[in-house]
Protein chains: 2
Amino acid sequence: MTCPPELDPTRLLTPRAREVLAAARVVLEREGWQTLTMRTLADELGIAAPSLYKHFASKDALRTQLIALALKEFGEAVRPVSTVATLVRHYRDVAAANPQLYRLATSGTLDREALPPGLEEWSGSPFFEATGDPHRAQALWAAVHGMVVLELDGRFPTGTAPEATWRELVAHFS
Amino acid sequence: MTCPPELDPTRLLTPRAREVLAAARVVLEREGWQTLTMRTLADELGIAAPSLYKHFASKDALRTQLIALALKEFGEAVRPVSTVATLVRHYRDVAAANPQLYRLATSGTLDREALPPGLEEWSGSPFFEATGDPHRAQALWAAVHGMVVLELDGRFPTGTAPEATWRELVAHFS
DNA sequence: GTCTATACAAAGATAGAC
DNA sequence: GTCTATCTTTGTATAGAC
């Protein structure tokens, strides 16, 4: 399920900028955002760090593009929407497959001005489609997000969240 | 409701180290962990930055102490335990009153070796007491945590989470 | 679009005197 | 317990040539 073309955040980038973005994603998943530096990113591409500024004005501009890319991909990954259980399953899986990108996109403040209008809403709407109610949708989204981040951070005693805990959560919202 | 003395993380600190810790907490809430530097902390205390190293071996050691302090205080703030609704209410309130400390204590990996043994479990046990089941407890904790962090980051469309969303969540676990 | 050279700032931490 | 002086590293970003 692809997102509408007008919401695609990469549509205004040059081909080379897209390559830089793809490399940034690789480095991000390998090292995390804090340790992704313009130098390590340049190394990944085999170029010198100052060259990156021909494609992105700053590290923060790069961050915004990565977040937008994440909203697009995560929104696509959970579609089409069927049941709550399936939605939760897909959400978990895409977060687990892209842990650093998930973190980057979902924590800290979001510069909404810099995103394609409608992308954030499109990304979250599956929760409304699955629950049929805005407040149920928000509560489910928050609950799943909480499980995901605690799991990514190894905060459950066993490391990962027990399957029984996931079942418990899904059951409450089904 | 105070925590057992053997779980109190400050019991081994010198009086002066406790003052440093208290100042660190003030600076943390004012500026966030990333922008709390040894220099800004020293300024808050009216001393020079290198002096801090007489009390804490590193910035990371200070972080560990802050986290331990948070687990103690948050655990105290939600006790005694009665209903799920009341627990959630207290949890929200203490997180909202100490947003930066809450973030610091609940995100990123946790160095369990450095905490007083049993403190983390004691901090989380109210959720078990309120639900009577370990998996329900984990699911409730994760759900509330998700709501809190999304709210702190301004991720809900309205900024804060609607009360109706909180009610929805509590209802599912009551 | 890439390079080299460099500016500029900030942060964590140590040494040694008082 | 605090100071001054300093080291070392790191990171973002700019200038200007090719």
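The values are calculated or read from the model by the stated rules, or taken from the named source; none is laboratory data. All figures in this text were calculated on a predicted structure; none of them were measured in a lab. Quick reminder, even Gly has a Cβ in these numbers, built from the backbone with ideal geometry, and neighbours come from all protein chains shown. The accessibility values were calculated without ligands, DNA or RNA, using every heavy atom of the protein model including side chains. Shrake-Rupley method; radii C 1.70, N 1.55, O 1.52, S 1.80 Å.
In this structure, does A:Trp166 turn out to be under 21 Å from the mean Cα position of the chain (by Cα), open to solvent by 30 Å² or more (accessible area, probe 1.4 Å) and more than 7 Å from chain B (Cβ to nearest Cβ)?
For A:Trp166, the condition - under 21 Å from the mean Cα position of the chain (by Cα), open to solvent by 30 Å² or more (accessible area, probe 1.4 Å) and more than 7 Å from chain B (Cβ to nearest Cβ) - is not met.
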* Counting only residues that are of a type in the set (Asp, Glu) and under 24 Å from A:Gly108 (Cα atoms), which one in the stretch B:4-57 is farthest from DNA strand D (Cβ to nearest atom)? -> B:Glu29
* **Tabulated pairs, the stretch A:76-94, first free of Cβ contacts under 8 Å to residues at least 40 places away in the same chain, second in a loop (DSSP other than H, G, I, E, B) and among the hydrophobic types (A, V, I, L, M, F, W, C), C-beta under 8 angstrom, 6+ apart or interchain** => A:His90/A:Val78; A:Val94/A:Val78
* To do: Specify which of the listed residues (B:Gly154, B:Gly108) is surrounded by fewer than 21 Cβ atoms within 10 Å (Cβ to Cβ), closer than 16 Å to A:Ser107 by Cα and under 17 Å from the mean Cα position of the chain (by Cα).
  => B:Gly108
* Pairs, please: C-beta under 7 Å, at least 6 apart or cross-chain, first residue at pLDDT 95 or above and in the stretch A:33-51, second in a loop (DSSP other than H, G, I, E, B)? -> A:Ala42/A:Ala48
* Hey, does the stretch A:145-155 have a residue that's more than 12 Å from chain B (Cβ to nearest Cβ), more than 16 Å from DNA strand C (Cβ to nearest atom) and outside any loop (DSSP other than H, G, I, E, B)? -> no
* Structure fact -> Note on the stretch B:57-79: residues part of a loop (DSSP other than H, G, I, E, B) and under 21 Å from B:Gln138 (Cβ atoms) are B:Val78, B:Arg79
* Asked: Condition test on A:Ala161, is it open to solvent by less than 20 Å² (accessible area, probe 1.4 Å), within 14 Å of chain B (Cβ to nearest Cβ) and not in a loop (DSSP other than H, G, I, E, B)?
  -> no
* Structure fact -> Flagged pairs (Cβ under 7 angstrom, 6 or more apart or on separate chains; first in the stretch B:99-127, within 13 Å of chain A (Cβ to nearest Cβ); second open to solvent by less than 30 Å² (accessible area, probe 1.4 Å) and hydroxyl-bearing (Ser, Thr, Tyr)) are B:Asp111/B:Thr64
* If you scan the stretch B:1-17, which residues turn out to be closer than 16 Å to B:Ala61 by Cα and more than 17 Å from the chain's Cα centre (by Cα)? -> B:Arg11, B:Leu12, B:Leu13, B:Thr14, B:Arg16, B:Ala17
